[in-house]
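Engineer: Okay, here's the structure, questions in a sec.
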Amino acid sequence: MRKNTLYLPYSKTFVLFLLVFVICFVVLFFSQGWMLKTVREEKQEQSFAMLRLAKTTTDLSLDQAFKLSQLLLLDNDIAKFIYQGEVAGGSEDIQTVIDAKVSLPVARSINSMLAEIYIFSKNSGYLLSASNAYLEPEKMYPTLFAFEGLNYRQFRSKYLTASFTRSFFAETTALVDGRAMKVIPFVQTFPLNSPSSNSGKIMLLLDSDFFSSILAEQRTGENLTSFITDSSGKLITYWGKEELVVGTEFEDGQHTIEVGGEEYVLSVLSSGVSGLRFFSLLSLKDISAMMSPLWTVLTVLSLAMFLVMAVLALFILLHNRKDWVELFGLASQGESLLPYEQALGHIKAIVAEDRNKVRMSGGTPFITDTFFRRLIHGKMADTSEIQAMLKLVQEDIDLSQNFAFQMVHLIIHDVNDILTSDRLEDIDFTRIAAQKQAQRAFSAQHFLYMDFSFSIWIMLWHHDAAYLDTQIDLFWKEFSQVTPTSTSMAVSSSKASLNEIFDATNECSEVLQSISNEKQVEVLRRFSEITIRRERYHYSIDMERKLYFAVLRGEAEALEEILKILEQDNFVSRGLGSEETANLLRVLYATAIKLCQAMHHEETPSVFATYPQAKQFFLAFAQGIRGENQDKEEILIQKIVSYIQERYDQCSLNLSSMAKDFAMKESFLYHFMQTRMQTSFAQYLEEYRLT
């Protein structure tokens, strides 16, 4: 055979491989890109959530500060101080200043964000703080209090006398309790109901470190910048890089902006509580850096693995095609090499030719024979495999029509004796006889083969299920007369489709098991004949409980009714076979053992052989308990009568005392006298005393 040159360009398979490769690579590439984009968006959302948390935390503290400032402005002492003019030396009006200052230290300690509180009176020019009262503030400034870059007049003009309702001011440095610290001034005008009169101010110095710590806690990147502005866009405070304090004109949400040639994600949130606006600026490089390096590694690794697998697949394709070329030499046309698809057509022709040769010789093609063996022994994966195999064997047997299917299983009982006595021809003759009789009874509508245990399986199909039953009887009658071996035959129930053949195989096995249990030989038995024998006994937990307590109570009538129901249910309605009868007797015996243990009987009954024997035991047991109960009741009645006769003249005699002396429950004695003596304790005692 000449080895031909391989030309891939003419192979449809190779073209299809390239197409699939390109599609898979594109899908993998874009899916990895989509995955990275999704992770990046999650990181951006995380940054936005952290900004939202910072805003919420700040709002909670500021809301508390706002309420505190309002409470102070509503305080009568502070209102009097604001409206009061200058106090003359030695005047009692100085008490107003003292009373107004008293509440400030407590107010400052309530909120950790507050560094200092100032109350300013425009009428007097006085300034109060939590730590001091400045009656001459201009002389005391900047020794006791001061603001960076401002003299007193500038400080007063900017914060105290300017006309506004409420305002935040940019972060500054102030002298508080003798030390310089960064603060954010918040000023509110008095009175609250008429701020235009501008009679005074309350000034809260908010600790800038408090805001810085909140902004720093939301850090989600190496170069995150966060800042806060008022509603007009005026910067209040920031954390990070001052040159990145941009974008105050943007609305709430997330925006992508460019600063210094680098892209940033700007997150913006406005507060409905304070009117402040919160900003965070995060570089896209930082977002990418926040992602686990494993993502990039996995992406590169996935693409690399795909390329390696593609190269390996291509190598296998080339190698297999080379092998096929050598094989297809059998199907070549002259000197030219057949394309792959045409070569497959020649292979099909070779297989078809081989099958036809087998059919012409009177045999069954190998694939057909394998199909039936797998079907009979339940080796088919599912119905789709059955349908696939049917397409292969339909030239031999057409099973696509509506047929009734049955399975027959012939078993040779003395097969072991035959094998050890060198009588193998008897087994072979049995197979030949079965094959010839099956041909006569079922024509071509059967498949027969002998398995490894030398038993014979026959699968049958026909339009008429009744006809199959008749022919099975005829087959057995003729076969049993000519076979030299001791044989029995199991027949399944009729099945409406091939999908149920697995059940038919199991049914034959159950029939043969029943034949073996009964030590029968040379019999024909159908699955329908053992369905009654297969019925399980009926002895429920509830039925056992009723029987158990009926015996213990000695209730013979109720017990007889229960035993009658058991007998009717199991032996009349169900017609239990010997095996299930034995099972029922075993569980009844277990109940008998429980009764003996409950009554502390040392002697146990012998195992029940028949149902009447079990029935007799339970009735006798109940009768014995009933006699014992009656004797006990008589003894107790006599004991009660004697007890009352001996103590009837005692005033303390009652049912409780008798129950205590008897070591019994009072309720038991009460019901016992009512049901067994038809009287109550009090009635019996009264009647006895009267007589």
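The values are calculated or read from the model by the stated rules, or taken from the named source; none is laboratory data. Computed from a predicted model, the values in this text were never measured in an experiment. Cβ: placed from backbone, ideal geometry, glycine included. Neighbour counts: every protein chain shown. Keep in mind that these areas ignore ligands, DNA and RNA; they rest on the heavy atoms of the full protein, side chains included. Shrake-Rupley method; radii C 1.70, N 1.55, O 1.52, S 1.80 Å.
Engineer: Taking SER226 as the residue in question, decide whether it is open to solvent by less than 20 Å² (accessible area, probe 1.4 Å), modelled with pLDDT of 85 or more, in contact with a strand residue (DSSP E or B) (Cβ under 7 Å, 6 or more places away or on another chain) and in a strand (DSSP E or B).
Structural biologist: Yes; evaluated as a whole, the condition is true for this residue.
Engineer: Can you tell me which of PHE145, PHE190 is closer than 21 Å to TYR83 by Cβ and crowded, with 16+ Cβ neighbours inside 10 Å? Please lay out each step first, then the result.
Structural biologist: Details: PHE145 fails: closer than 21 Å to TYR83 by Cβ.
None of the others qualify; the one that does is PHE190.
Engineer: A further question on this structure: Which of the residues spanning region 241-271 are closer than 16 Å to LEU215 by Cβ and acidic (Asp, Glu)?
Structural biologist: GLU242
Engineer: Which condition number in (1) at pLDDT 80 or above; (2) among the small types (Gly, Ala, Ser); (3) closer than 21 Å to ARG156 by Cα is the one that SER270 fails?
Structural biologist: Condition (3) is where SER270 drops out.
Engineer: Next question. Take ALA659 and tell me if it is under 30 Å from GLU544 (Cβ atoms), among the small types (Gly, Ala, Ser) and modelled with pLDDT of 85 or more. Break it down stepwise before answering.
Structural biologist: On the way: under 30 Å from GLU544 (Cβ atoms): no; among the small types (Gly, Ala, Ser): yes; modelled with pLDDT of 85 or more: yes.
So ALA659 does not fit the description; no.
Engineer: Moving on. Anything in region 123-133 that is among the hydroxyl-bearing types (Ser, Thr, Tyr), surrounded by fewer than 20 Cβ atoms within 10 Å (Cβ to Cβ) and outside any loop (DSSP other than H, G, I, E, B)? List them, or say none.
Structural biologist: From region 123-133, those among the hydroxyl-bearing types (Ser, Thr, Tyr) are 124, 126, 129, 131; that's our starting set.
After this cut, where a residue has to be surrounded by fewer than 20 Cβ atoms within 10 Å (Cβ to Cβ) as well, the list is 124, 131.
Result: no residue meets the conditions.
Engineer: Quick test of your reading of the structure: LYS80 fulfils all but one of (1) modelled with pLDDT of 85 or more; (2) in a loop (DSSP other than H, G, I, E, B). Name the failing condition by number.
Structural biologist: It fails just one condition, (2).
Engineer: A further question follows. Residues being among the hydrophobic types (A, V, I, L, M, F, W, C) and open to solvent by 40 Å² or more (accessible area, probe 1.4 Å): count how many of those fall in region 566-581.
Structural biologist: The first filter runs over region 566-581 and keeps only residues among the hydrophobic types (A, V, I, L, M, F, W, C), leaving 566, 571-572, 576.
Among the residues that remain, those that are also open to solvent by 40 Å² or more (accessible area, probe 1.4 Å) are: 571-572.
The qualifying residues number 2.
Engineer: Right, something else. Need the failing condition index for PHE30 against (1) open to solvent by 90 Å² or more (accessible area, probe 1.4 Å); (2) among the hydrophobic types (A, V, I, L, M, F, W, C); (3) closer than 23 Å to THR189 by Cβ, just the number.
Structural biologist: (3)
Engineer: Pull up region 205-220, narrow it to residues that are over 29 Å from SER129 (Cα atoms) and surrounded by fewer than 21 Cβ atoms within 10 Å (Cβ to Cβ), then point me to the one that is modelled with the highest pLDDT. Don't jump to the end; show me each part of the working.
Structural biologist: Initial filter on region 205-220 (over 29 Å from SER129 (Cα atoms)): 216-220.
Subset that is surrounded by fewer than 21 Cβ atoms within 10 Å (Cβ to Cβ): 216-217, 219-220.
On the way: ALA216: 76, GLU217: 73, ARG219: 59, THR220: 58.
Filtering first and then ranking leaves ALA216.
Engineer: Now for a different question. Pairs needed: first member in region 52-75, over 23 Å from SER194 (Cα atoms); second member anywhere, open to solvent by 30 Å² or more (accessible area, probe 1.4 Å) and in a helix (DSSP H, G or I); C-beta distance under 9 Å; at least 6 residues apart or different chains.
Structural biologist: If the second residue must be open to solvent by 30 Å² or more (accessible area, probe 1.4 Å) and in a helix (DSSP H, G or I), the pairs left are LEU53/GLU217; ALA54/GLU217; THR57/GLU217; THR58/PHE210; SER61/PHE210.
Every residue, every condition in (1) surrounded by 12 or more Cβ atoms within 10 Å (Cβ to Cβ); (2) without any contact (Cβ under 8 Å) to a residue 24 or more places away in the chain, yes or no:
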| residue | (1), (2) |
| --- | --- |
| LYS234 | yes, no |
| TRP239 | yes, no |
| LEU244 | yes, no |
| THR248 | yes, no |
| GLY253 | no, yes |
| GLY260 | no, yes |
| TYR264 | yes, yes |
| LEU269 | yes, no |
| VAL273 | yes, no |
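Residue-by-condition table, conditions (1) closer than 22 Å to PHE549 by Cβ; (2) in contact with a Ser or Thr (Cβ under 8 Å, 6 or more places away or on another chain); (3) modelled with pLDDT under 85; (4) among the polar types (S, T, N, Q):
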position: LEU566; (1), (2), (3), (4): yes, no, no, no
position: ARG574; (1), (2), (3), (4): no, no, yes, no
position: SER578; (1), (2), (3), (4): no, no, yes, yes
position: LEU585; (1), (2), (3), (4): yes, yes, no, no
position: ALA592; (1), (2), (3), (4): yes, yes, no, no
position: MET599; (1), (2), (3), (4): yes, no, yes, no
position: THR604; (1), (2), (3), (4): yes, no, yes, yes
position: ALA609; (1), (2), (3), (4): no, no, no, no
position: ALA614; (1), (2), (3), (4): yes, no, no, no
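Engineer: Check whether at least one residue in region 87-104 is polar (S, T, N, Q), under 17 Å from THR189 (Cβ atoms) and free of Cβ contacts under 8 Å to residues at least 60 places away in the same chain, and report yes or no.
Structural biologist: If we filter region 87-104 for residues that are polar (S, T, N, Q), which is where we start, we get 91, 95-96, 103.
If we keep only those that are under 17 Å from THR189 (Cβ atoms) too, we end up with none.
Within region 87-104 (the criterion being polar (S, T, N, Q), under 17 Å from THR189 (Cβ atoms) and free of Cβ contacts under 8 Å to residues at least 60 places away in the same chain), the answer is no, since none of the residues qualifies.
Engineer: I've got another one for you. Taking helices (runs of 4 or more DSSP H) that do not extend beyond region 134-220, which have at least 1 residues that are closer than 30 Å to SER47 by Cα?
Structural biologist: Values: elements: 137-140, 152-155, 208-217.
Of the helices (runs of 4 or more DSSP H) lying wholly inside region 134-220, those with at least 1 residues that are closer than 30 Å to SER47 by Cα span 208-217.
Engineer: Would you pick out the residues in region 428-456 that are more than 21 Å from GLN481 (Cβ to Cβ) and either among the polar types (S, T, N, Q) or in contact with a strand residue (DSSP E or B) (Cβ under 7 Å, 6 or more places away or on another chain) (or both)? Full working, then the answer.
Structural biologist: Here is the first cut: in region 428-456, the ones more than 21 Å from GLN481 (Cβ to Cβ) are 444-445, 447, 449, 451-453.
Once the filter is applied, which keeps residues that are more than 21 Å from GLN481 (Cβ to Cβ) and either among the polar types (S, T, N, Q) or in contact with a strand residue (DSSP E or B) (Cβ under 7 Å, 6 or more places away or on another chain) (or both), region 428-456 yields GLN445, PHE447, TYR449, ASP451, SER453.
Engineer: ALA174: farther than 19 Å from ALA65 by Cβ and surrounded by 13 or more Cβ atoms within 10 Å (Cβ to Cβ), yes or no? Write out each step before concluding.
Structural biologist: Numbers: farther than 19 Å from ALA65 by Cβ: no; surrounded by 13 or more Cβ atoms within 10 Å (Cβ to Cβ): yes.
Against the criterion (farther than 19 Å from ALA65 by Cβ and surrounded by 13 or more Cβ atoms within 10 Å (Cβ to Cβ)), ALA174 does not qualify.
Engineer: Among what's in region 591-648 and is closer than 19 Å to ILE565 by Cα and of a type in the set (Val, Ile, Thr), pick the residue that is least open to solvent (accessible area, probe 1.4 Å).
Structural biologist: Looking at residues that are closer than 19 Å to ILE565 by Cα and of a type in the set (Val, Ile, Thr), I get THR591.
Engineer: Continuing with this model, one more query. Give the residues of region 78-107 that are open to solvent by less than 60 Å² (accessible area, probe 1.4 Å) and either among the basic types (Lys, Arg) or over 25 Å from VAL176 (Cα atoms) (or both), sorted by residue number.
Structural biologist: If the condition is that a residue be open to solvent by less than 60 Å² (accessible area, probe 1.4 Å) and either among the basic types (Lys, Arg) or over 25 Å from VAL176 (Cα atoms) (or both), then GLN84, GLY85, VAL87, SER91, LYS101 are the ones that fit.
Engineer: Which one of GLN44, GLN32 is in contact with a strand residue (DSSP E or B) (Cβ under 8 Å, 6 or more places away or on another chain) and modelled with pLDDT under 80?
Structural biologist: On the way: GLN32 fails: in contact with a strand residue (DSSP E or B) (Cβ under 8 Å, 6 or more places away or on another chain).
Going through GLN44, GLN32 in turn, the sole match is GLN44.
Engineer: Could I ask something else about it? Which of (1) over 30 Å from TYR449 (Cα atoms); (2) at pLDDT below 80 is the odd one out, the single condition LYS519 does not satisfy?
Structural biologist: Here LYS519 clears every test but (1).
Engineer: Hey, does region 607-616 have a residue that's aromatic (Phe, Trp, Tyr), over 30 Å from TYR670 (Cβ atoms) and touching a Pro at 6+ places or on another chain (Cβ under 9 Å)?
Structural biologist: Start the filter on region 607-616 by keeping residues that are aromatic (Phe, Trp, Tyr), which leaves 608, 611.
Among the residues that remain, those that are also over 30 Å from TYR670 (Cβ atoms) are: 608, 611.
Remaining after also requiring touching a Pro at 6+ places or on another chain (Cβ under 9 Å): none.
Checked against the condition, which is being aromatic (Phe, Trp, Tyr), over 30 Å from TYR670 (Cβ atoms) and touching a Pro at 6+ places or on another chain (Cβ under 9 Å), region 607-616 yields no hits at all.
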